Each structure stands twice: as C-alpha cells, then as structure tokens.
Amino acid sequence: QKINSYSYHIMMYDRMIVSKMTLPEKKLISICKWIGDNVLFSELLESDQRSPLITFQIPELITKFLGMGSGKLGVVAPSIQFWLAIAVILAIWILVSLVISLVSYHFIILPRKLRKKSDDNKSEDIFEITPYLIGFGLLMPFCVMFPFYEVKYFNIQNKVIRFICTLGPITAFFRVSEAMFGFMPAHTVDSVSNTMIYNAVPVEVKFNNMGPMKSSWGDAKGNLIKFGAFMLLLGAYSSFLSDYSYEPFPTGSGSNLEDINLGNGFSRGQLINNALAAILFQLYLTTFGYGITTLTSLGGVQQLPMMLNPIFESKSPSDFWGRKWNLVVHGLLKRGVYKPVRTRFSRMTASTATFIASGIFHEWILAVLFSPEYNELEGDACIPPSCYRPGFGRSTLFFIWNAIIIAMEYLIGGAAIFQLAKRHLPSVIVSILVSSLGLPMGHWFMNDYVRSDYFEDGQLGFPLVVRVPG
C-alpha cells in the first residue's frame with residue numbers, strides 16, 4: 001500500500017508539472033524523455049532486473065555455519081546499458097563543456113592575459129571586473145543548476161548515474177574559479193583548444209608545452225586491465241556487503257543532522273560499518289576512475305590517476321587527503337579554493353576553507369542524487385530506500401572534523417612519538433591508524449549513501465553473486 005501511495009504521489013506531481021507547460025516545453029520534455037528511456041535506459045536502470053548466468057549450490061554444512069538461509073547462489077553479469085548510459089552522460093557533458101570553455105577562455109582567461117601585458121590602469125580595471133562577473137554571475141550558477149535539469153528532463157532514477165551527472169559540472173565549477181584567480185595548471189591556458197580539452201572530462205589531463213600529453217595504446221590497455229580487475233573486486237566486495245544491506249551491524253545512529261552523537265561513532269558495530277563502507281567508497285572511486293581514464297586514454301590523452309590506495313598506503317592525514325584520496329578533487333580544491341584563499345590568509349585558514357568547500361559541494365551532490373524525492377514528497381509517501389531524505393549538514397561536519405585533524409597535524413605532527421611510529425611501525429599499520437582518525441565520524445558522510453538505494457543502483461555495473469530462491 002505504501003509503495004502504491006508513493007507511485008501515486010509521483011504520478012500526480014508529474015501531471016501537475018506537465019499541465020503548466022507550454023507546447024514547446026511539452027515537446028522538449030517528450031524528446032528528453034525519449035532520450036532518457038532509449039539512450040540512457042532510465043526505466044531499465046531503475047531496478048536490478050538481471051537473471052543469473054549460472055547457479056551453484058553451497059554445501060549445507062557451510063550454509064549452517066554462516067547462517068545463510070539458502071545455499072543456492074547465482075552469478076549475474078554487469079549491465080551493458082549501465083555503462084552505455086555513463087558514456088552518454090560523459091559525452092553530453094563534453095558538448096556542454098565546449099561552450100563553457102569558449103566563454104571562460106574569451107571572457108576570463110584572455111582578459112587576464114591581456115591585463116598582464118597592459119600598462120593602462122583604466123584597461124586593467126575593466127579587465128579585472130569582467131572575469132568575476134562572468135564566473136560568479138554566469139558560469140558557476142550554470143554548473144550548479146545543470147545536473148538538476150539533466151536528471152529531471154531525462155528522468156534519471158538510478159542514483160549512481162545521477163552521481164555521474166554531477167562530475168562534469170563540479171569540475172567545471174572549480175575550474176572556473178581556477179581561471180578567475182589565475183591558478184589553472186601550466187599550459188592549459190596556452191590556447192582555447194587546450195582549455196577545451198582540460199575542461200572536457202572530469203579527470204585531470206596532463207599538459208606540457210606542446211599541449212595535452214599523448215597517450216599510447218599501452219596506456220589505454222593498462223587502464224582497461226585495471227578497470228576490469230577492480231570491477232571484479234568491487235563486484236565480489238559488493239556481493240558480500242549487499243547481503244547485509246551494506247550495514248552488517250545494526251546501530252542506533254540516525255541519518256539526520258540532529259541525530260549526530262559523538263559517542264555512537266566509537267561503538268564496535270559502527271566502527272566496523274564505517275570501515276567497510278570506507279573501503280567500498282575507495283573501490284567505487286578507483287573503479288570509476290579507471291573507467292574514465294580508459295576512455296580518455298583511448299581518446300589520445302594522458303591523465304593523472306584518481307586514487308592511490310589511500311586507506312592502506314597513507315603516511316599522514318595530509319598525505320591521505322592531499323596525495324592519495326581522489327586526486328582530481330584535491331587538485332580542483334587546491335587550485336580553486338586553497339590557493340585563492342592562501343593569497344590573503346594563513347595556511348590553516350585556507351585549509352579549513354578548502355574542507356568546508358568540500359563539505360558544501362558534497363551536500364550539493366546529495367541534493368542532486370535525492371531530488372526531487374526529499375522535498376516534494378511528504379509523510380508516508382516517501383518510502384526508503386528508493387525515496388530517501390538526506391541528512392543535510394552531516395557531510396560538511398565530517399569534512400570540518402577532518403580539517404581539525406589536519407590542523408592538529410600541523411601543530412603536533414612533528415612530535416617525536418609520531419615520527420618514531422612512522423619509522424618503526426609497519427607501513428600498513430601506520431596507514432590504518434591514519435585512516436582511523438576519521439573513522440568514528442565516517443557515518444556522518446556515508447549513511448546517506450548506505451541507507452538509500454545508492455549502492456543497490458551501483459550493483460548494476462558489476463558482476464555480482466546473488467541469492468537464488470529455492
């Protein structure tokens with residue numbers, strides 16, 4: 001009955017919106033819906049409809065020991081449509097990014113170049129205001145709003161596909177900041193074509209004085225092999241966690257901002273849940289990172305890696321966030337937030353501002369992922385996990401916590417006890433200790449993904465071992 005109530009509210013909301021549209025708007029909606037259904041497979045990817053390719057039986061002795069209800073399992077193949085939809089979303093953004101790059105180059109980057117060559121104070125004043133008007137007034141708001149319209153008009157329901165919709169806009173948002181404040185990487189501003197290539201994909205393309213560095217078939221092959229290996233690893237790991245709805249141990253922690261309780265994070269069950277979810281996040285980012293870099297390598301350009309095994313290879317909190325975890329986002333925040341703030345304020349202030357900016361854009365991602373359910377359905381009509389209301393504010397608090405950890409490293413990281421531990425403890429133990437500093441508060445950030453159907457939607461992209469009734 002609740003599911004029917006949810007569907008009814010969705011249907012009534014759609015009818016209300018359509019009734020207020022003009023004829024051209026209705027035609028545009030119809031075209032977008034066709035693209036969503038036939039090119040992005042929106043309805044097909046809304047739920048997992050895969051059937052096992054093979055089935056096998058687990059011996060009864062093992063099922064009893066593990067407490068499994070059924071010993072019959074099956075293996076499902078990755079959904080081709082899932083990866084085609086991601087490729088289409090990335091292709092759409094490449095076209096959009098070309099326009100952003102043209103505007104950015106001619107109205108932000110080029111005026112900055114001319115200002116450096118000009119000795120005319122009046123011209124300098126004119127050039128100085130134009131980039132900020134274009135950046136803050138036009139390009140940044142466009143990047144913020146674009147994925148909401150993309151999700152809405154293409155009727156994208158799969159949460160992971162929605163997440164992919166945010167990658168291009170968020171990279172463009174911070175790259176506009178880089179352009180305004182003059183911190184774009186070397187050679188990306190040498191020509192409009194370099195700027196276009198830099199903005200086209202949500203990874204960081206390598207440049208030298210000749211332009212984008214060319215990739216070889218060996219680069220593409222290596223990325224493809226890593227992508228396939230991590231896809232299998234992520235599928236195996238998801239097969240295990242999905243049996244527990246990605247939260248093996250029940251905890252008393254809520255998912256709203258007011259539910260935050262520092263004591264909950266130190267319970268054994270919550271710590272294990274957070275550790276398992278953190279590894280899951282790392283596997284997701286690593287796998288999708290290699291998927292995107294495979295495409296860019298095939299496109300003929302080299303790029304920086306996205307992840308460098310931060311949970312098990314970091315030597316310090318700053319090493320974790322600055323040199324291992326999501327290097328694409330790190331570069332964007334460093335050049336788009338940290339460096340502009342650092343020109344006027346202290347290192348600690350700039351670092352704190354960077355973590356707060358990270359928290360805010362992750363809140364924005366949640367708004368895209370769970371739009372329109374969280375604000376347009378009320379009461380029992382919104383039934384988790386398919387309809388989910390995120391706990392806004394929790395992600396920002398999580399990143400503020402990590403900013404505090406970084407600040408503490410600046411203050412006491414050089415103490416003898418920490419240096420002694422680095423030199424004498426096994427490196428993997430040091431890395432686990434570093435990762436553990438943020439672990440008790442990890443659910444502040446991860447609960448919205450774990451308790452919604454985000455990872456269930458992501459399962460479509462990987463081979464999975466599933467229970468088979470009977």
Helix-only mean residue ellipticity at 222 nm for the chain, each DSSP H run of n ≥ 4 adding -39500 (n - 2.57), per residue, nearest 500
-19500 deg cm²/dmol
Computed label-point distance, nm, for sites GLU128 and THR55 using a 7 Å Cα→Cβ extension:
7.4
MET307's amide H: which non-local residues (gap 5+, or another chain) put their own amide H closer than 5 Å, with H modeled 1.01 Å from N in plane and none for Pro or chain starts?
LEU327
Which of SER104, SER427 is most accessible, then next, and so on - probe 1.4 Å:
SER427, SER104
With a Cα-only, solvent-free Debye model of segment 273-423, what are the log10 I(q)/I(0) values at q = 0.17 Å⁻¹?
-1.16
I need the semi-axes of the equivalent ellipsoid of segment 152-291: take the C-alpha gyration tensor, multiply each eigenvalue by 5, square-root it, list largest first in whole angstrom.
37, 21, 15
If every Lys and Arg gets +1 and every Asp and Glu gets -1 at its Cβ, then about the Cα centre the chain yields a dipole, in debye to the nearest 20, of 1140
Can you send over the carbon and sulfur percentage of the accessible area for the chain, probe radius 1.4 Å, protein chains only?
66
Less than 18 Å from a label point 7 Å out along the Cα-to-Cβ axis of TRP217: which backbone N atoms in segment 288-329 qualify, by residue?
294-302
Give me the number: length gained by fully extending LEU397 to ARG268, i.e. 0.36 nm times residue separation minus the C-alpha to C-alpha distance, one decimal in nm.
44.3 nm
Kirkwood Rh over alpha-carbon pairs of the chain, then Stokes-Einstein at 10 °C and 1.306 mPa s: what D in µm² s⁻¹, rounded to an integer?
65
Which one, LEU464, PRO426, VAL328, is farthest towards the positive end of the dipole of the chain when Lys and Arg carry +1 and Asp and Glu -1 on their Cβ?
PRO426
Once Lys and Arg get +1 and Asp and Glu get -1 on their Cβ, which of THR251, SER371, LEU133 lies farthest toward the positive end of the dipole of the chain?
LEU133
Short version: what are the Cα gyration tensor semi-axes of segment 392-470, square root of 5 times each eigenvalue, largest first, in whole Å?
36, 20, 8
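Trypsin sites (Lys or Arg not before Pro) within segment 334-367: which are DSSP loop residues with at most 16 other Cβ atoms inside 10 Å?
Passing sites in segment 334-367 are ARG344.
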With N set to the residue count of segment 267-318, report its C-alpha Rg divided by 2.2 N^0.38 Å to two decimal places.
1.48
Nitroxide proxy distance, nm - points 7 Å out along Cα→Cβ at ASN209 and THR343:
2.5
How high is the FRET efficiency from ILE225 to ILE94, r the C-beta distance, R0 35 Å, rounded to 0.05?
0.90
Relative packing of 80-88, 350-358, which averages over residues the other C-beta atoms within 10 Å, highest first
350-358, 80-88
Starting from 0.36 nm per residue, how many nanometres of slack lie between ILE356 and LYS27 once their C-alpha separation is accounted for?
114.3 nm
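Could you give the accessible area per residue of the chain, probe 1.4 Å, as a whole number in Å²?
Dividing the accessible area of the chain by its residue count gives 49 Å².
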Which three extents, in angstrom, do the Cα atoms of segment 128-224 have along their principal axes, listed largest first?
44, 40, 16
Quantify how much of the Cα-Cα distance distribution of segment 291-345 extends past 13 Å, in percent.
66
What dipole magnitude, in Debye to the nearest 20, does segment 201-283 give about its Cα centre under +1 on Lys/Arg Cβ and -1 on Asp/Glu Cβ?
500
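The values are calculated or read from the model by the stated rules, or taken from the named source; none is laboratory data. Remember, it's a predicted structure, so these values are computed and weren't measured experimentally. When we count neighbours, we look across all protein chains shown, and the Cβ atoms used for this are built from the backbone with ideal geometry, even at glycine. Each accessible area value is taken on the protein alone, full model and side chains, heavy atoms only, with ligands, DNA and RNA left out. Shrake-Rupley method; radii C 1.70, N 1.55, O 1.52, S 1.80 Å.
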